[in-house]
Amino acid sequence: MTLTIAFDDLLVEIESAYNASTLKRDYYENYLNNQLGICTLVNVLRFNPAAAGIDFQVIDSFPVNHPKSKIYIRNTEKAPIPKEHCPELEKVLFQIKIEQHDLVEIQKPIKHASNTVLFLSNHHWSNLTNEQLIFLYFASKFQELEKQCYAQLKYSLSELGEKQVKRSIQKLQRILVDWSTDLIQLFHLDRLTRSRSQKLQYDRYTLFSHGYDCLENILVHLEKHYSKYLDKDLFVPFSVISSRVNCLKPKVERLKTTIITKKYDAEFNELLFAPLFMISNVSQKKRITYQQLMFVEVLVERLFRFFYDTKNEPNKIEQLHLVLLSLNYNCPNYYAYLTAKMNERIESLEKHELLMQLLKWMKAVNQTVVIEDIAFKPSNKPLRYWIEKWLEEEIWFLNETEKRNPIGQVKTTSSDPLPKMELDCSVNELALLIRLFSETGIIGVKNHKVLMQQVSQTFQTSKVKEISPKSLSNKYYEADHTTIASVKGIIIDLLNRLNSK
């Protein structure tokens with residue numbers, strides 16, 4: 001996969017722009033004017049009407065079209081401020097060299113201090129400092145690079161075969177990680193201590209921080225939409241994700257304290273803490289993928305809503321299990337814990353209550369909306385798939401038992417069990433043959449546990465007279481190469497006999 005604007009070429013262009021003794025402003029001005037249009041300056045001012053002499057301090061000044069400008073514009077209330085509310089308005093305008101007729105409007109941000117005012121006025125790119133002009137030019141180049149990556153991904157999916165798509169996306173993934181690592185080593189940018197607002201300063205390091213954001217956006221896009229193609233063993237640089245991890249850590253610690261106070265059983269606490277510990281313990285040596293980070297971000301958000309925003313009995317553990325189901329917490333240990341708890345519950349019920357309880361659980365599972373494109377373990381099947389399968393087997397087994405021995409009916413006749421059939425094969429071979437019959441639909445028993453019991457009660461081998469259902473089940477799922485080879489020989493022998501008929 002090739003990109004129209006290669007990242008290393010962009011680095012060379014940036015180096016030459018910063019190190020050149022004279023700057024070709026016309027080229028940058030024309031480019032920005034074509035890309036972003038007329039420059040409109042935002043002058044952020046703080047004033048103190050109670051202070052003697054009324055001092056004004058210019059906090060920042062940058063174009064509205066600056067890629068990060070929305071951090072100031074967001075959540076603001078656009079409203080002209082009357083002159084009597086700001087009697088020194090003319091002094092303010094004079095200080096920032098804005099004529100009264102050039103003043104477009106004043107914005108008073110809701111979330112800023114009451115003595116903060118934003119002034120908007122028309123301006124020109126040529127009035128920007130060299131640093132501002134260079135920053136804006138290359139910031140737009142980073143965004144252009146990001147757009148081209150998305151275009152290449154779209155092309156790969158539509159034009160290339162499955163294997164070529166996987167190869168191309170993994171190549172792009174490795175390139176992005178290499179670029180991120182180069183930036184970290186070259187400019188020593190520390191995302192652990194630098195806040196987003198600090199990155200708004202116009203310097204070359206801020207420029208590369210914005211480059212980080214674009215690379216991070218692409219990596220997140222890959223993890224979210226193309227996870228099945230990615231190299232699962234490739235971890236992104238810690239410095240790229242550390243700022244997001246730091247934002248999560250206080251919430252994670254608060255959640256851990258809250259969970260302990262709920263006095264759930266120790267095993268459930270350990271399972272609930274497992275993804276949270278990924279954030280608590282992340283470091284340069286112990287890294288996580290974007291997929292894991294995105295899962296924990298969503299998990300923390302949902303748990304916060306569950307524990308702190310819900311008013312209707314948030315302590316019910318059944319509701320918490322449905323939250324984990326909706327987030328596809330498909331950890332094998334959690335599935336084992338959940339089914340064990342459901343088993344304990346149904347064992348305590350009377351026979352006539354069992355079916356109703358199982359159907360209620362099935363209804364709750366089916367009605368739970370599961371978030372797509374997110375999972376604790378992307379390579380595993382969804383948690384709902386396994387829970388539904390478990391419930392279906394329990395319901396089927398209960399119905400079959402009821403057919404053979406209805407409630408209230410006493411079994412009046414008995415007969416000696418038939419002798420077991422002896423097979424000229426090993427238990428390993430028998431388990432694999434049963435698995436083949438089951439997967440091809442020749443055997444129609446849905447409940448795996450029942451199937452293992454029936455086979456062990458019906459057959460024996462020349463060496464094993466009493467086949468353990470548990471041992472048979474283990475061999476059913478774990479066929480070794482020797483067993484596969486011997487079963488292939490049995491099937492080939494059967495085919496030869498058929499061909500000779």
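Can you list residues whose amide H is under 5 Å from ILE443's amide H, if they're 5+ apart or on another chain and H is modeled 1.01 Å from N?
SER438
What's the local net charge at LYS470, with K and R +1, D and E -1, over the other residues with C-beta under 15 Å away?
Value of the local net charge: 0.
What do you reckon, how do LEU495, LEU324 stack up by accessible area (1.4 Å probe), largest on top?
Details: LEU495 95, LEU324 0 Å².
If we order LEU495, LEU324 from most to least accessible, we get LEU495, LEU324.
So for ARG435, ARG254, what's the accessible-area order with a 1.4 Å probe, most first?
Details: ARG435 65, ARG254 120 Å².
Largest accessible area first, the list is ARG254, ARG435.
If each residue of separation counts as 0.36 nm, what is the full-extension length gain between GLN35 and GLU90 once their alpha-carbon separation is subtracted? Mind showing how you got there, number by number?
Numbers: separation 55, 0.36 × 55 = 19.80 nm, distance 3.36 nm.
Gain in length upon complete extension: 16.4 nm.
In vacuum, with every alpha carbon of region 240-404 counted as one equal point scatterer, what does the Debye formula give for log10 I(q)/I(0) at q = 0.09, 0.17 Å⁻¹? Two decimals, please.
Cα-only, vacuum Debye calculation for region 240-404: -0.35, -1.08.
Amide H neighbours of THR461 under 5 Å, counting only residues 5+ apart in sequence or on other chains, H built in-plane at 1.01 Å?
LEU423
At what distance in nm do the modelled label points of GLU353 and LEU498 sit from each other, each positioned 7 Å from its Cα along Cα→Cβ?
5.2
Might you work out the accessible area of VAL369 for me, using a 1.4 Å probe with all protein chains in place, and round it to the nearest 10 Å²?
Its heavy atoms expose roughly 120 Å² to the probe.
Quick check: with the 1.4 Å probe, what order do LYS341, LYS488, LYS420, LYS263 take by accessible area, largest first? List each step's numbers first, then the result.
Numbers: LYS341 80, LYS488 125, LYS420 55, LYS263 175 Å².
Correct descending sequence by accessible area is LYS263, LYS488, LYS341, LYS420.
Going by amide H atoms built from the backbone, whose H comes under 5 Å of the H on LEU160, apart from near neighbours?
Excluding prolines and chain starts, which carry no amide H, there are no hits.
In whole angstrom, how far apart do the alpha carbon centroids of region 122-145 and region 331-364 sit?
First find each Cα centre; the distance between them is then 62 Å.
Show me, for region 245-253, the HN-Hα J-couplings you get by feeding each phi into the Karplus relation (A = 6.51, B = -1.76, C = 1.60, θ = phi - 60°), rounded to Hz, glycine and proline as x.
For region 245-253, the Karplus curve yields 5, 5, 5, 7, 4, x, 5, 4, 5 Hz.
The values are calculated or read from the model by the stated rules, or taken from the named source; none is laboratory data. Computed from a prediction, not measured in an experiment: that's the story for all the values here. With ideal geometry, Cβ positions are generated from the backbone for all residues, glycine too; neighbour counts draw on all protein chains shown. Surface accessibility is based on the protein's heavy atoms, side chains included, excluding ligands, DNA and RNA. Shrake-Rupley method; radii C 1.70, N 1.55, O 1.52, S 1.80 Å.
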